[in-house]
Amino acid sequence: MKRAKSVTTAVVLALIVIGIIALVEKGRPQPYVYKGASPASTGKLGTYLFLSEVKKRYPATTAVFYLDQLSIPSGAKHCVYVAISPEEEYGVEEARTILGRLKECSYPALFIADETPISNTLLAVANSSIRVEDTIVVDPHTGAPYPTAYFYLDSFNGSLLLDIASMLRGSGEVLGYVPLAGVVAVQGSTTTPRILHNIPIAMYESLGDLSVVVVSDGSIFLNQVLSSGRGSDYLRLGLSIIDKLCERDPSCIVLFDGMKYERTPLGKALESTEFLELYDPLMLLMLYIASILHPSTWLPVAADALNNAVELALANRVSASILALLAIAMSYRFIRERLPRIPDARLREQEEVEVFVTGNIRKAIMTGKYKLDRNDFLKLYEIVDVVFRNTVGYGLDDSRLVRVLASYIGYERATRYFVEMNRLKEKVLGHKILPLVLSWNRTVTRLLRESEEVLNRIGASLEAEKGAEYIVLRGY
């Protein structure tokens, strides 16, 4: 058993070494952080919280960072592609690929929350009439880009404050609007707003097999908004839209677009005060420490330093001799620990010990005619202890007994038997409270059987029909 344990340890160490080498070969990880509304961003302007909340309701929710990751399982019924304030343009072919793969499910849907026209390529390829105009909707009284909008969905009816929203145009069903606001063209030559009524900022459109919802303000789903005082209201709006597109199908696949966001290497981000304001500094620090602890960061440097140190030491005769002696001493100690010397000794004379329960008494115990208690356990302990002392030289209170019994019944079983017998003895004597014993009769009967088997293995038997009786029944 000890040899098997050494082999297992060696295998584990080998696997660890292989894993470290594989990590070194793969190269140092390059942690990135995002400034925008990426689902991978836990910063103030990210959408990680929204993705997490959607995932609680629809477990098949994930983020897509590469086009190759966008795949719909065969037989999928509902699926939704979510794009929130993307920072990079969609190519026409890219949009066709996204919508083509999305339509592999029975009821595909597109959810766009964007205050810029960047997402219009997706809408155009989907043949939707809805477009996000290149405008800013402002409060008509203050001119601030924070108008109040009213939303009407199946599970959400209420007003919410917007943050730099745009105006929508199209023939879809209006889900949200601003009753009165000014509209300023971003690319226009004048900043004087046009005052308009009932400006649509959320629309729904059914295109046969494809459903589309567009909200012209992605900022209302950012981490800083969802964690604010009214965050629960904004979250209810977002979840209501997802529910509408998923039709509350719990197996709905929700895919958050993570491809269209600019990423910044962690090292560069740590040099920018802007990122330190957007992210928790402690989180950035922990991410940086994790990258430093990666084996590819320190192992090549350590190996090179060790190699140089050994070359330098071997170049000098004195230091080379010292290293050689240390290597020999360490090898000798290793071998001695793994292969200890066992001096020859005269074998003990075999003694036949006969400490038994008569057949009739044992039969009565095993059939349940007599009930054993804790005092009977002490008598069993004493008898077995005497047998062990006379046969192998060690009693039940000697831990060396485990090593001897291991050669007969295995190390694990010998250890378990030794520990249980001694723990129960300590309990009976009042030295310990544990272990809890629900039935002393069952426990002592089981240990009686096990003791018989153990002693049978070493040539003694509690079951023999001769010798001195083991009287266990309350003074019988």
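One decimal place: the segment Leu180-Glu412 gains 75.5 nm when fully extended, by the rule 0.36 nm per residue minus the C-alpha distance.
Pairs to check: Lys35/Lys56; Lys56/Lys268; Lys244/Lys268. Give those whose C-alpha atoms are more than 32 Å from each other in this structure.
Pairs exceeding 32 Å: Lys56/Lys268; Lys244/Lys268.
Peptide packing for 401-407, 375-381 was compared via the average number of neighbouring C-beta atoms within 10 Å per residue; ordered from the highest value, the list is 375-381, 401-407.
Computed packing ranks the peptides 414-427, 211-224 as 211-224, 414-427, most packed first, by mean other Cβ atoms within 10 Å.
Note on surface exposure: Met259, Met330 rank Met330, Met259 by accessible area, highest first, 1.4 Å probe. Remark on Val33: its backbone amide H falls under 5 Å from those of Thr264, Leu266, a criterion applied only to residues 5 or more positions apart or on other chains, H modelled at 1.01 Å from N. Amide H to amide H, with H built 1.01 Å from N, Leu175 comes under 5 Å of Ala202, Met203, Tyr204, counting only residues 5 or more places away or on other chains.
Run through the DSSP bridge list for the range 74-199 and note the antiparallel percent, rounded to the nearest 5. Here the antiparallel bridges make up roughly 75 percent for the range 74-199. The slack in the chain from Arg457 to Ser251, taken as 0.36 nm per residue of separation less the alpha-carbon distance, amounts to 68.2 nm. Overall, the ratio between the Cα radius of gyration of the range 199-246 and 2.2 N^0.38 Å, rounded to two decimals, is 1.27. Annotation: for a label point projected 7 angstrom from Cα along Cα→Cβ of Thr191, residues of the range 113-144 with backbone N closer than 18 Å are 135-144. Applying the Karplus relation 6.51 cos²θ - 1.76 cosθ + 1.60 with θ = phi - 60° to the range 169-185 yields 3J(HN,Hα) values of 9, x, 9, x, 6, 7, 9, x, 7, 9, x, 8, 7, x, 10, 10, 6 Hz, where x marks Gly and Pro.
Close amide H partners of Thr135, meaning residues 5 or more places away or on another chain with modelled amide H under 5 Å apart, are Met167, Val186.
Packing, taken as the mean count of other beta carbons within 10 Å per residue, orders the peptides 131-140, 51-60, 243-252 from highest to lowest as 131-140, 243-252, 51-60. Residue-wise HN-Hα couplings along the range 450-459, as the Karplus relation 6.51 cos²θ - 1.76 cosθ + 1.60 with θ = phi - 60° gives them from phi, are 5, 5, 4, 5, 4, 5, 4, 5, 10, x Hz; Gly and Pro carry x.
If you take the alpha carbon atoms of the range 98-250 and fit the smallest convex hull around them, that volume is 118 Å³ per residue. Rounded to 0.05, the FRET efficiency of the Lys379 and Val318 pair, given R0 = 60 Å and the Cβ-Cβ distance, is 0.30.
The values are calculated or read from the model by the stated rules, or taken from the named source; none is laboratory data. Here the structure is a predicted model, which means the values were calculated and not measured. In this analysis, Cβ positions are derived from the backbone assuming ideal geometry, glycine residues included, and neighbour counts consider all displayed protein chains. We work out accessible area using only protein heavy atoms, side chains counted, and drop any ligands, DNA or RNA first. Shrake-Rupley method; radii C 1.70, N 1.55, O 1.52, S 1.80 Å.
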